[in-house]
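Structure first, then comments.
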Amino acid sequence: MTNNDKWDGSGGLGHFERDLRTGTVGWRPPDGGDLQFNETHKRSRAPGERLRARPEASPEQTSPPGSPDVPDQPPEDGGLFDLGIA
(Lines give C-alpha, C1' and ligand atoms only; values in the text may rest on other atoms or scores of the structure.)
Protein backbone atom coordinates (compact mmCIF):
# COMPACT_ATOMS: atom_id res chain seq x y z
CA MET A 1 0.00 0.00 0.00
CA THR A 2 1.15 3.48 -0.78
CA ASN A 3 -0.20 6.84 0.27
CA ASN A 4 -0.94 9.87 -1.93
CA ASP A 5 -1.74 12.85 0.28
CA LYS A 6 -3.36 14.69 -2.66
CA TRP A 7 -6.13 12.02 -2.83
CA ASP A 8 -6.24 12.35 -6.62
CA GLY A 9 -4.99 8.89 -7.61
CA SER A 10 -2.01 10.37 -9.47
CA GLY A 11 0.91 8.03 -9.99
CA GLY A 12 -1.39 5.08 -9.36
CA LEU A 13 -1.27 5.76 -5.60
CA GLY A 14 -4.16 5.38 -3.19
CA HIS A 15 -4.57 7.18 0.12
CA PHE A 16 -5.56 6.58 3.73
CA GLU A 17 -8.79 8.02 5.09
CA ARG A 18 -11.15 7.55 8.03
CA ASP A 19 -14.46 5.75 7.60
CA LEU A 20 -16.95 8.32 8.93
CA ARG A 21 -19.39 5.63 10.05
CA THR A 22 -16.99 3.51 12.12
CA GLY A 23 -14.05 5.86 12.71
CA THR A 24 -11.64 3.20 11.41
CA VAL A 25 -8.80 4.25 9.11
CA GLY A 26 -8.50 2.37 5.84
CA TRP A 27 -6.69 2.57 2.51
CA ARG A 28 -8.63 3.79 -0.55
CA PRO A 29 -7.24 2.47 -3.89
CA PRO A 30 -6.35 5.00 -6.63
CA ASP A 31 -9.46 4.06 -8.64
CA GLY A 32 -11.67 5.18 -5.73
CA GLY A 33 -12.84 1.68 -4.77
CA ASP A 34 -13.98 0.56 -1.33
CA LEU A 35 -11.82 1.26 1.72
CA GLN A 36 -9.57 -1.66 2.61
CA PHE A 37 -8.95 -2.26 6.31
CA ASN A 38 -6.19 -4.03 8.19
CA GLU A 39 -7.97 -7.10 9.58
CA THR A 40 -4.91 -8.98 10.87
CA HIS A 41 -4.62 -10.70 14.23
CA LYS A 42 -1.95 -8.20 15.32
CA ARG A 43 -4.35 -5.31 14.73
CA SER A 44 -6.97 -6.94 16.93
CA ARG A 45 -4.42 -7.13 19.76
CA ALA A 46 -3.23 -3.52 19.40
CA PRO A 47 -3.83 -1.35 22.50
CA GLY A 48 -6.11 1.10 20.67
CA GLU A 49 -8.31 -1.68 19.36
CA ARG A 50 -8.59 -3.29 22.78
CA LEU A 51 -9.60 0.05 24.31
CA ARG A 52 -12.26 0.62 21.64
CA ALA A 53 -13.62 -2.90 22.19
CA ARG A 54 -14.20 -2.38 25.92
CA PRO A 55 -17.73 -1.55 27.01
CA GLU A 56 -18.15 2.03 28.11
CA ALA A 57 -17.95 2.29 31.88
CA SER A 58 -20.80 3.87 33.82
CA PRO A 59 -20.07 6.65 36.39
CA GLU A 60 -20.71 4.12 39.17
CA GLN A 61 -17.80 2.00 37.88
CA THR A 62 -15.33 4.87 37.49
CA SER A 63 -16.10 7.16 40.45
CA PRO A 64 -15.00 6.38 44.01
CA PRO A 65 -17.83 5.87 46.53
CA GLY A 66 -19.39 9.13 47.69
CA SER A 67 -18.09 11.25 44.82
CA PRO A 68 -20.54 13.34 42.79
CA ASP A 69 -21.38 12.38 39.20
CA VAL A 70 -20.42 15.86 38.00
CA PRO A 71 -16.95 17.20 38.79
CA ASP A 72 -16.70 20.31 40.95
CA GLN A 73 -16.51 23.62 39.10
CA PRO A 74 -13.26 25.56 39.58
CA PRO A 75 -13.52 28.34 42.17
CA GLU A 76 -14.04 31.83 40.77
CA ASP A 77 -11.35 33.36 43.02
CA GLY A 78 -8.48 31.54 41.32
CA GLY A 79 -8.44 28.59 43.71
CA LEU A 80 -5.38 26.41 43.37
CA PHE A 81 -3.20 29.02 41.69
CA ASP A 82 -4.22 31.98 43.82
CA LEU A 83 -1.06 32.79 45.76
CA GLY A 84 -2.56 35.85 47.49
CA ILE A 85 0.00 38.15 45.92
CA ALA A 86 -1.42 41.37 44.57
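Close amide H partners of residue 24, meaning residues 5 or more places away or on another chain with modelled amide H under 5 Å apart, are 19.
Estimated at the nearest 10 Å², the accessible area of residue 45 is 130 Å² with a 1.4 Å probe.
The values are calculated or read from the model by the stated rules, or taken from the named source; none is laboratory data. Quick caveat, the model's predicted, so the values are computed rather than measured. Note: areas computed on protein heavy atoms with side chains; ligands, DNA, RNA excluded. Shrake-Rupley method; radii C 1.70, N 1.55, O 1.52, S 1.80 Å.
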